[in-house]
Amino acid sequence: MNRIISILFCSLVLSISTQDIYDDSWALLIGIDKYQNIKGLDYAVKDAESVQKMLVDLFEFNEYNIVILRDEEATKSNIIQEFSNITKKAKSNDRVLIFFAGHGETESLPSGGEIGYFVPVNGDKKDLYVSSIRMDELQTISRMSEAKHILCLVDACYGGLSSGSRGLSSSDIPNYIEKITQYKARQVISAGGRDEEVIEKPEWGHSAFTRNLLKGLGDGLADENSDGVITGDELGGFIKNRVVVDVDGAHTPQKGRIGSDMGEFVFISKMLDEQFVDL
């Protein structure tokens, strides 16, 4: 009985489903364990594969709309090519999710600033500019893509993440979900900042970041206000709070925005959508 009441409450609050918000969903997932020039990782490939399964099973991502690059596939040229491909595929009412699990590096600039990099499987710390991919490629993707919502989940630590503008809190406006899903969104959640190292453990079988990403979305724990919708902002806050505890402060996840768009990437569980239909 309580479950039925809860579902009814969510349906009254939500009143929209994934199909009301997005025409289609696209994802690019990258996991690199076996690096050619630097120390490898243990669970990055598994992290990417687990995210793929969750997106298909729970969040209505078509498996044919997901590209996954593992180890030797994740070269600099292949990643850049898939960045380009996904900007062409996603249309104006679609969402795009980009997930990277691997090494991130930061390079200091003479001016005092810094540049963050994705390190591909063939990347080399001796020449990051030539061998790796600048994190600000995410800004380029955001400008090139007409997709309504883009969320970048970076399971790596690096510097130079700009926080951008804040979003709209649920207390700011009535009909919050309906409003934020109309605006464009360009959001980034990363595992940590410069000089921090991502923690992964055998007992988790994942990194701390992906472990809590899967809990937050897969188990619905990131739904702070229990409205049946998990926003990018809610997810970022959940991951940050849980990871800091899991790793005893060894790295602190960060969340930010690219540009000034104030919308929110949203996740609505397929099971919840189906329950609405049944009701």
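Among residues other than R211 with Cβ under 15 Å from its Cβ, the summed charge is -3 (Lys and Arg +1, Asp and Glu -1). With the charge dipole of the chain set up from +1 on Lys and Arg Cβ and -1 on Asp and Glu Cβ about the Cα centre, the Cα lying farthest toward the positive end among the listed residues A222, Y129, V119 is that of Y129. Estimated at 0.36 nm per residue, the fully extended path between R194 and K88 surpasses their Cα-Cα distance by 35.0 nm. Exceedance of the 26 Å cut-off in Cα-Cα distance is limited, within the set K89/K184; K88/K126; K215/K255, to K88/K126. Solvent-accessible area of the chain (1.4 angstrom probe, protein heavy atoms only): carbon and sulfur portion equals 48 percent. Accessible surface ranking for D127, D33, 1.4 angstrom probe, highest first: D127, D33.
Once the Cβ-Cβ distance of R143 and D248 is raised to the sixth power relative to R0 = 51 Å, the FRET efficiency obtained is 0.85.
Within the chain, DSSP assigns beta bridges of which about 35% are antiparallel (rounded to the nearest 5). Exposure here means at most 15 other Cβ atoms within 10 Å; with trypsin sites (Lys or Arg not before Pro) in a DSSP loop as sites, the longest stretch of the chain lacking them is 167-279. Basic side chains Lys and Arg get +1 at the Cβ, acidic Asp and Glu get -1 at the Cβ, and with that the dipole of the chain about its Cα centre reaches some 460 debye.
Once the C-beta distance of Y129 and K39 is scaled by a Förster radius of 22 Å, the resulting FRET efficiency is 0.60 to the nearest 0.05.
Less than 5 angstrom separates the built amide H of A156 from those of A191, G192, all sequence-distant by 5 or more or on a different chain. A simple count of charges around K91, restricted to other residues whose Cβ falls under 15 Å of its Cβ and scoring Lys, Arg +1 and Asp, Glu -1, yields +1.
Please determine, in degrees from 0 to 90 and to the nearest 10, the orientation of helix 44-58 with respect to the longest principal axis defined by the Cα atoms of the chain, where the helix direction is its Cα long axis. The angle comes out at about 20 degrees.
For W204, the amide hydrogen comes within under 5 Å of no other amide hydrogen, counting only partners 5 or more places away or on other chains and with H modelled in the peptide plane.
The values are calculated or read from the model by the stated rules, or taken from the named source; none is laboratory data. What you see is a predicted model; the values in this text were computed from it and never measured. Here Cβ is always computed from backbone atoms with ideal geometry, including for glycine, and neighbour counts include all displayed protein chains. Just the protein is used for accessible areas: all its heavy atoms, side chains included, with ligands, DNA and RNA removed. Shrake-Rupley method; radii C 1.70, N 1.55, O 1.52, S 1.80 Å.
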